[in-house]
Amino acid sequence: MKRTIAYLSLLFILGVFLYIANPGYGLIFGPGGKEWLSLRYTDNYYITHGLKEVGGMNIVTDIVFDYRGYDTIGEATVLFTAIAGAIALLRPWRRDEA
Amino acid sequence: MRPRCGSDMGLIVKTSSRAVIPLIGIFGAYIVMHGHLTPGGGFQGGATIAGAGILFLVAFGLDEMKKRYNKSLYSALEGIGGLAFLGVAMLGMSVAFFYNTLWHTWPFNGKPGTLLSAGFLPIMNLAVGLKVFTGLVSALTAIATYRRWKS
């Protein structure tokens, strides 16, 4: 009996998730359709102009290395800082040698 | 069964990693080289190649890794990667930082979609891939070298 109730409640939760995930009448994450084009015109700009302005077929690479190059510099700096921090924290300290 | 004193793994793991490590390296080099054409790029391909190095470290142990790992070479390669990235970004400084001037004014560019095209994007992918590969291998080697517990 308890097991049946547990499976039924799991099925109910799955149904609720499926209902929510349907974009037709469930939750809508952000605008869509024409409203999306008017609000997020930069996405469309990258898709239409990326190949001509930067030259790469991979639009993500176009964005990462050209339109958002500063972000990539920051990422490389974060990587360097992580390695420097790992070595600085993990190297043998004078206290450990005794 | 006596406890293992070395830090390397057994024969099966070593043999299969000998077979797998070159394939991982080739796949990572493919991802880095085709960064401007197919999904992936410098970061992802560099992390893949670093995965090959970390597999070597895990399978063959720290003693073998210390013989193969050259600290000054790796730090020099990481510096070269970062400086090449910044220097290529400076090339289009007359228009803007990170302006793809090689793509707009260079006469030897291929058609978009070929391997030798897209101006500075392949150079940047190679630089970032080199930087990420050497950086991750150095970080994992440092973590393995400076462990605090006694074996």
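No lab work stands behind these numbers, since they all come straight from the coordinates. Small disclaimer: the values here were computed from a predicted structure and weren't measured. Please note: Cβ atoms are built from the backbone with ideal geometry, for glycine as well, and neighbour counts cover all protein chains shown.
So, R0 is 30 Å and r is the distance between the beta-carbons of residue A:21 and residue B:13; what FRET efficiency does that work out to, to 0.05? The partial results should precede the final answer.
Working: r = 42 Å, r/R0 = 1.39.
With R0 = 30 Å, the Cβ-Cβ based efficiency is 0.10.
Do me a favour and compute the ellipsoid semi-axes for the protein assembly as shown from its Cα gyration tensor, root of five times each eigenvalue, largest one first, whole Å. Don't jump to the answer; show the numbers that get you there.
On the way: eigenvalues 293, 229, 67 Å².
So the equivalent ellipsoid measures 38, 34, 18 Å along its semi-axes.
Figure the gain on full extension for residue B:97 and residue B:26 (residue separation times 0.36 nm, minus the Cα-Cα span) and round it to one decimal in nm. Intermediate results must be reported in sequence, preceding the final value.
Working: separation 71, 0.36 × 71 = 25.56 nm, distance 3.25 nm.
Gain on extension, residue B:97 to residue B:26, equals 22.3 nm.
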- To the nearest 10 degrees, the tilt of helix B:42-68 (Cα long axis) against the first principal axis of the alpha carbons of chain B is 30 degrees
- Message: Within 10 Å of each Cβ in A:73-83, how many Cβ atoms from other chains are there, averaged over the peptide?
- Response: 5
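For the pair residue B:86 and residue A:52, what calculated FRET efficiency results from E = 1/(1 + (r/R0)^6), where r is the Cβ-Cβ distance and R0 = 35 Å, to the nearest 0.05?
Values: r = 26 Å, r/R0 = 0.73.
Efficiency computed from Cβ-Cβ geometry: 0.85.
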- Going through the range B:63-122, which chymotrypsin sites (Phe, Trp or Tyr not before Pro) have at most 10 other Cβ atoms within 10 Å and a DSSP loop state? B:108
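Per residue of A:48-59, count partner chain C-beta atoms within 10 Å of its C-beta, then hand back the mean as an integer. It would help to have the intermediate numbers written out before the result.
On the way: counts 0, 0, 0, 3, 3, 4, 11, 15, 15, 10, 11, 0.
Mean number of neighbouring Cβ atoms from other chains: 6.
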- Item | Spatially near lysine pairs across the protein assembly as shown, Cα under 25 Å, sequence gap of 8 or more or different chains | 12
- Message: Give me the inter-chain shielding for B:71-78: mean count of other chain Cβ atoms within 10 Å, whole number please.
- Response: 1
- Overall form of the range A:31-91 per C-alpha gyration tensor (a/c, 1.5; a/b vs b/c): prolate
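Tell me whether the range B:11-145 comes out rounded, prolate or oblate; compute the Cα gyration tensor, take square roots of the eigenvalues as a ≥ b ≥ c, and use a/c under 1.5 as the rounded threshold.
On the way: a/c = 3.81, a/b = 1.88, b/c = 2.02.
Cα axes put the range B:11-145 in the oblate bin.
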- Task: Note down the nm distance, to one decimal, between modelled labels 7 Å out along Cα→Cβ at residue B:66 and at residue A:78.
- Result: 3.4 nm
- Item | Order by protection proxy (mean Cβ within 10 Å, highest first), peptides A:52-64, A:73-85 | A:52-64, A:73-85
- Query: Quick one: in the range B:78-127, what % of C-alpha pairs are over 15 Å apart?
  - Reply: 44 percent
